[in-house]
1. When only residues in the range 57-82 that are farther than 19 Å from Val18 by Cα and in contact with a helix residue (DSSP H, G or I) (Cβ under 7 Å, 6 or more places away or on another chain) count, which is least open to solvent (accessible area, probe 1.4 Å)?
2. Looking for something of a type in the set (D, E, K, R) and in contact with a strand residue (DSSP E or B) (Cβ under 7 Å, 6 or more places away or on another chain) - is there at least one such residue anywhere in the range 23-40?
3. Which of the strands (runs of 3 or more DSSP E) contained wholly in the range 1-91 include at least 1 residues that are farther than 25 Å from Ile101 by Cβ and out of contact with any Phe, Trp or Tyr (no Cβ under 7 Å at 6 or more places or on another chain)?
4. Here are the criteria: (1) at pLDDT 95 or above; (2) under 15 Å from Pro29 (Cα atoms). Tell me which single one Ser56 does not satisfy.
Amino acid sequence: RDRRQRRERAIAPEQARVTASAYIVRHYPFGCMGGTPYSLPLAAGDLWVVPIVLTSPGCGLVGDVGVVALDSRTGEVVSGTPPEEVRQAVQRLKEEKRDAIEAAFLQARRRPFAEAQRRVGRWCVVCG
């Protein structure tokens with residue numbers, strides 16, 4: 001089959017990310033979502049490979065913990081990293097980056113208070 005014909009029928013990268021993210025939230029730990037897809041051309045047909053990324057409030061992207069593969073023509077999920085491997089990778093990343101994640105979380109929690117303080121010039125409008 002002509003490679004050009006296959007690409008004409010391929011789903012767009014953004015649709016691959018959206019489809020993978022929907023799959024990820026149903027099958028993998030909380031905090032995981034789809035990253036930026038990349039194409040993997042194979043003789044049997046092209047795939048979109050979407051990294052499974054761990055995210056954290058305040059910190060954002062923590063790191064990659066697995067992948068989901070989609071048929072580039074149909075958008076169907078054809079494979080993915082086993083959930084137990086993803087859970088282990090999530091745990092490793094959380095341990096490795098614990099200090100950075102906690103610092104970002106604390107900073108994000110303080111941000112609204114700091115903004116209010118700048119506007120009124122003190123921490124508490126009532127008690128000063």
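1. Just the residues of the range 57-82 that are farther than 19 Å from Val18 by Cα, to begin with: 57-59, 62, 82.
Checking the rest, the ones that are also in contact with a helix residue (DSSP H, G or I) (Cβ under 7 Å, 6 or more places away or on another chain) come to 57-59, 62.
Values: Pro57: 90, Gly58: 49, Cys59: 49, Val62: 9 Å².
Looking at the filtered set, the residue picked out is Val62.
2. Scanning the range 23-40, I find no residue that is of a type in the set (D, E, K, R) and in contact with a strand residue (DSSP E or B) (Cβ under 7 Å, 6 or more places away or on another chain), so the answer is no.
3. Details: elements: 32-34, 38-40, 47-56, 60-71, 77-80.
Result: 38-40, 47-56, 60-71, 77-80.
4. (1)
The values are calculated or read from the model by the stated rules, or taken from the named source; none is laboratory data. Just so you know, these numbers come straight off a predicted model, no measurement behind them. In this analysis, Cβ positions are derived from the backbone assuming ideal geometry, glycine residues included, and neighbour counts consider all displayed protein chains. The accessibility values were calculated without ligands, DNA or RNA, using every heavy atom of the protein model including side chains. Shrake-Rupley method; radii C 1.70, N 1.55, O 1.52, S 1.80 Å.
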